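Have a look at the structure below, then the notes.
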Amino acid sequence: MRGRPSSSVPPAAARRLRSHATPEETKLWHLLRDRFRPLGHHFRRQVPIDAFIVDFACLKASLVIEVDGGGHAREDLSEADRLRDARLRKLGFDVLRFWNFEVTGETEAVLDRIAHALGERP
């Protein structure tokens, strides 16, 4: 995929989310830039796609990364996440989801999964 995907979400909504990132999102954002940009993978954060704003996206690789807090464990949100992921996959994106505790406590495993999804060696 090239360029920005179409979206019905106002750009201001994504800007607001970028300015209120969680500590885990901030940590992963820095790691994505440091680890994968030199390999040619450019990630964007809080990217409007379709009716959603995804945490991170590498448009060239059609990869979406979501970082979820404990609230996503609720059954209603979990179902919404499944439907959202299905819609993103239908649009041609691979979706990786990580829990906050994985980003903070299992960082190398998270980066290895991302590298694998990008076709890179961990």
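Values in this text are rule-based calculations from the coordinates and carry no lab data. As the structure is a computational prediction, the values presented were derived from the model and not from experiment. Methodologically, a virtual Cβ is constructed for each residue, glycine included, from the backbone with ideal geometry; neighbour enumeration extends over all protein chains shown.
The table that follows gives values for the structure above.
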{"read-out": "Environment charge at L88 (Cβ cut-off 13 Å; Lys +1, Arg +1, Asp -1, Glu -1)", "value": "0"}
{"read-out": "V95 long-range amide H proximity, modeled H, under 5 Å", "value": "V64"}
